[in-house]
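These notes are about the structure you will find just below.
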Amino acid sequence: MSHPSTLAYVVDEAASKQEVLLSEPGRYLLSSAMAGALIAVVLAVSLKLGQVFFAAGDSGYYIATSGFFGVALVSIIVCKVELFTSNVMYFTVGRLSGRCRTCNLLRSWAVVYIGNLIGVLLFVAVLAGAGGMGALPANHLLFSVVEHKVHASFLEIFWKGVLCNWVICLAVWVPMRLANEAARLLIIMLLVFVFFFSGFEHSIANMAFFALAKLQGMAGLEWGDILHNMVPATLGNIVGGAIGVGLVVFQLERHTLQTV
């Protein structure tokens, strides 16, 4: 359902997250790991789906991959687990409202980021035990995407990270204003499609890309290559979520807090 004051709802959610972070850090970490695992499993399936078209030389392969990946964010929102990119927006709004402390904002971002990584790695470890994604050809879609990610410039990755989390946080924010469940589901899927199809950089999805590539033994993929992508992508995600959505919507709707 929609909320009379979306900003007030997000502020309350941020305060609730802060309370769990401080009182039950283990539960908070587990919630973050669950979100990371959801990102990884949906990405793995998205890549297998895209590969069907990619191997056939169909240029529409990325439409299929991008269209399916929205399942990850829908699942995360429904399950109310902690994803780093949206957490950035929540805690920024919470801090601007005065309900969250700066130290807890930074602590939350660190815990959720690590928890997401743990979830990604645990899923990939289990997938490895199940035989991974099978024997992949050298020109597999996974390797093609990762190759592009590690050879982009620092600034290109950073700005793609900014754009990514601007869109992702809108995919969290906009549905709160809709009362119809089908409309909420549709707008989440469409906005996730925008980020994925555009090739923007999502730090947590990238964790999964790189973990899967390492699992499949991608030739030439070094840890330095991974850091070259992850550092600017993460910084860009913070800017996009904190400033592009968190700060902007707070300034636009702060007057609604006075009537709640």
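A compact table of results
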{"item": "Net charge contributed by nearby residues that have their C-beta within less than 13 Å of Ala33 (K/R +1, D/E -1)", "result": "0"}
{"item": "Mean separation of Cα contacts under 8 Å, 6 or more apart, over the residue count of region 156-220: relative contact order %", "result": "42"}
{"item": "Other-chain or far-sequence residues with amide H under 5 Å of Cys100's (modelled H)", "result": "Arg95"}
{"item": "Solvent-accessible area, 1.4 Å probe, carbon plus sulfur percent, for the chain", "result": "68"}
{"item": "Karplus-derived 3J(HN,Hα), 6.51/-1.76/1.60, for each residue of region 80-90, Hz, glycine and proline x", "result": "6, 9, 9, 9, 3, 4, 6, 4, 4, 5, 4"}
{"item": "Taking the chain and dividing mean pair separation by its residue count, relative contact order in percent (alpha carbons under 8 Å, at least six apart)", "result": "31"}
{"item": "In nm, spacing of pseudo-spin labels at Lys48 and Ala128 (7 Å Cα→C-beta vector)", "result": "1.9"}
{"item": "FRET efficiency, 1/(1 + (r/R0)^6) with R0 30 Å, evaluated for Asp12 and Val248 via beta carbons", "result": "0.95"}
{"item": "Computed log₁₀ I(q)/I(0) - Debye formula, equal Cα scatterers, no solvent, region 145-260, q 0.10, 0.11, 0.14 Å⁻¹", "result": "-0.37, -0.43, -0.64"}
{"item": "Residue among Cys103, Cys169, Cys79 with the largest mean-square fluctuation in a Gaussian network model of the chain, springs linking Cα atoms under 10 Å", "result": "Cys103"}
{"item": "Spin-label pair Phe154/Ala135, simplified geometry with 7 Å Cα→Cβ offset, distance in nm", "result": "4.1"}
{"item": "Region 223-260 versus region 37-73: alpha-carbon centroid distance in Å", "result": "26"}
{"item": "Accessible area (Å², per residue) of region 106-260, counting only protein heavy atoms and a probe of 1.4 Å", "result": "46"}
{"item": "Among 207-217, 244-254, the order from most to least packed when residues are scored by Cβ within 10 Å on average", "result": "207-217, 244-254"}
{"item": "Rounded, prolate or oblate (a/c below 1.5 giving rounded, otherwise prolate when a/b exceeds b/c) for region 105-149 by Cα gyration tensor", "result": "oblate"}
{"item": "Region 1-62, accessible area per residue, ligands and nucleic acids excluded (1.4 Å, Å²)", "result": "46"}
{"item": "Counting all C-alpha pairs of region 1-144, share separated by more than 28 Å (%)", "result": "32"}
{"item": "Centre separation in Å (Cα based) which lies between region 118-139 and region 156-210", "result": "24"}
{"item": "Ala110-Ala56 FRET efficiency (beta carbon distance; Förster radius 51 Å; 0.05 resolution)", "result": "0.75"}
{"item": "Length added when fully stretched, Val20-Ala179, from 0.36 nm per residue minus Cα-Cα", "result": "54.5 nm"}
{"item": "Rg(Cα)/(2.2 N^0.38 Å) for the chain, N = residue count", "result": "1.00"}
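The values are calculated or read from the model by the stated rules, or taken from the named source; none is laboratory data. Keep in mind it's a predicted model, so treat the numbers as computed, not measured. We place every Cβ from the backbone using ideal geometry, glycine too, and count neighbours over all the protein chains shown. Ligands, DNA and RNA are stripped out before the accessible areas are found, and what is left, the full protein with its side chains, is counted by its heavy atoms. Shrake-Rupley method; radii C 1.70, N 1.55, O 1.52, S 1.80 Å.
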